[in-house]
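Enquirer: First, the structure itself, so that you have it in front of you.
The values are calculated or read from the model by the stated rules, or taken from the named source; none is laboratory data. Just so we're clear, the structure is a prediction, and the values are computed from it rather than from any experiment. Neighbour counts are summed over all protein chains in view; Cβ atoms, including those assigned to glycine, are modelled from backbone coordinates with ideal geometry. Accessible surface is based on the protein model in full, side chains and every heavy atom, while ligands, DNA and RNA are left aside. Shrake-Rupley method; radii C 1.70, N 1.55, O 1.52, S 1.80 Å.
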Amino acid sequence: MRLLVLGGTRFLGRAIVDEAIGRGYDVTTFSRGLSGEPRPGAEALHGDRTSFDDLLTLANRDFDAVIDTSVIAPAHVAAAARLLADHVGHYTYVSTISVYQDYPREPVNENSPVLDCPADATGTVETLGYGELKAGSEGAVAAALPGRNLIVRPGLIVGPHENVGRLPWWLTRLARGGPVIAPGEPGRPVRLTDARDLATWLVDNTRRRIPGTVNVPGPDGTTFGEMLAECAEVTAADRAAPATLRWVPDEVLLERGVEPWMELPMWVPDTPDLASTWQVSGDRAARTRIRYRPLADTVHDTWLWLRRDAAARGRPVTEFEGAPGIGLDPAKEQAILSAR
């Protein structure tokens, strides 16, 4: 199978490429080459998809399928999809559950209304909005390859090589030890999808050329308390001092100006605007053979990657830096804990 992967190869793209190469596929990647290294065994083409001249690199190439993981304006997704329409059998576009109009206030499924964004819109995440950008890009792919596209809407993606840093933040915070703010209540749900599980499912269903739209929200049944307990367990051997979880009510954290989801990653307070964050239907993903590995395996493997990456960079593992805005400032955390 000849597979083209559009987008970065640092996290999900990396997992997709590794999965496909492991199956013996002929894999080509097309990206700017700014994030991640070319994967062994793949042909790496470099270009900027906002430049039509760069896109022409692909004009005379034929592929059985393409998987697009990019976060670029719908107009640029449309240009690539139109260019490739006569050269690929099937196009998979990785979108997000953030495209739903009523999410996260209301439960959603694949038939729920999505945000309005033209398929020829230009701009960035900052000017269009993340959900809007992805919604417009979905429309661009559907218009260029009707009946030959799969739109995938994942929820929270974690695992080794996560560049956003949500799960890595909790791991490195617990590795520092001491009193640790645990937000809300331990029994609250959380749904996580390991990037490797999503990659396996993507490659499977791209090969099968299934059409339509599928949510991949992660498995039910995991709680925030269980996730933090797993993080505490795998980091225990690397801590100089014990870590103690201190559960702090939502209202206290909100009063102190703690930003949900960002400063305390994955924290979803009990407020009307966020009431259905974890209520996303994953029935179609189950019917199309998604397999989620145990949370303990994801947490363990992520910590192992963090340790190896820190050693390779010659820095302490607790100094991992994720995306801007991810994680609670130590001084702010201490002030909240000291006031209780």
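Enquirer: When the chain is modelled as a GNM with alpha-carbon springs shorter than 10 Å, which of THR29, THR57, THR92 fluctuates the most?
Expert: It is THR57.
Enquirer: Give me the percent relative contact order of the chain, please, defined on Cα pairs under 8 angstrom at least 6 residues apart.
Expert: 19
Enquirer: Using a cut-off of 12 Å between beta-carbons, work out the net charge of the residues near ASN215 (Lys and Arg +1, Asp and Glu -1, ASN215 not included).
Expert: Residues close to ASN215 contribute a combined charge of +2.
Enquirer: Right, next: May I ask you to give the solvent-accessible area per residue for the chain, in square angstrom, as obtained with a 1.4 angstrom probe?
Expert: Dividing the accessible area of the chain by its residue count gives 43 Å².
Enquirer: Could you tally the net charge around ARG153, taking each other residue with its Cβ under 11 Å from the Cβ of ARG153, Lys/Arg +1 and Asp/Glu -1?
Expert: 0
Enquirer: Per residue, how much space in cubic angstrom lies within the convex hull of the C-alpha atoms of the chain?
Expert: 131
Enquirer: Okay, next question. For the chain, what is the percent of antiparallel DSSP beta bridges, rounded to the nearest 5?
Expert: Given both bridge residues lie in the chain, the antiparallel proportion sits at roughly 5 percent.
Enquirer: Pull up all non-local amide H partners of VAL180: gap of 5 or more, or a different chain, and H-to-H distance under 5 Å with H placed in the peptide plane.
Expert: Those qualifying (amide H under 5 Å, at least 5 residues apart or on another chain) are THR244, LEU245, ARG246.
Enquirer: Something else now. Antiparallel as a % of all DSSP beta bridges within region 1-151, to the nearest 5?
Expert: Among the beta bridges of region 1-151, antiparallel pairing accounts for roughly 5 percent.
Enquirer: Report in % the part of the accessible area of region 276-322 that belongs to carbon and sulfur, leaving out ligands and nucleic acids; probe 1.4 Å.
Expert: Within region 276-322, the accessible surface is 44 percent carbon and sulfur.
Enquirer: Can you tell me what share of the DSSP beta bridges in region 133-280 is antiparallel? A percent to the nearest 5 is fine.
Expert: Antiparallel bridges make up about 5 percent of those DSSP assigns within region 133-280.
Enquirer: Over region 257-340, what relative contact order in percent results from Cα pairs under 8 Å that are six or more residues apart?
Expert: Across region 257-340, relative contact order equals 40 percent.
Enquirer: I would also like to ask the following. So which DSSP H runs in the chain come out at 24 Å plus along the axis (Cα) with average Kyte-Doolittle of at least -1.0?
Expert: Within the chain the helices that satisfy the rule are 295-313.
Enquirer: Would you grab the residues whose amide H sits under 5 Å from the one on ALA44? Only those 5+ places off in sequence or on another chain, please, with H modelled 1.01 Å from N.
Expert: Amide H neighbours of ALA44, under 5 Å, 5+ apart: THR29.
Enquirer: Taking only C-alpha pairs under 8 Å that are 6+ residues apart, what is the relative contact order of region 183-332 in percent?
Expert: 34
Enquirer: Carbon and sulfur together cover what percent of the accessible area of region 1-53 at a 1.4 Å probe radius?
Expert: Carbon and sulfur atoms account for 44 percent of the accessible area of region 1-53.
Enquirer: Going by amide H atoms built from the backbone, whose H comes under 5 Å of the H on ASP194, apart from near neighbours?
Expert: Distant-sequence amide H within range of ASP194: VAL158, ARG293.
Enquirer: Okay, helix-only estimate at 222 nm for the chain: each DSSP H run of n ≥ 4 adds -39500 (n - 2.57), divide by all residues, round to 500 deg cm²/dmol; what do you get?
Expert: -10500 deg cm²/dmol
Enquirer: What's the local net charge at GLY282, with K and R +1, D and E -1, over the other residues with C-beta under 9 Å away?
Expert: Once all neighbours under 9 Å are counted, the net charge is 0.
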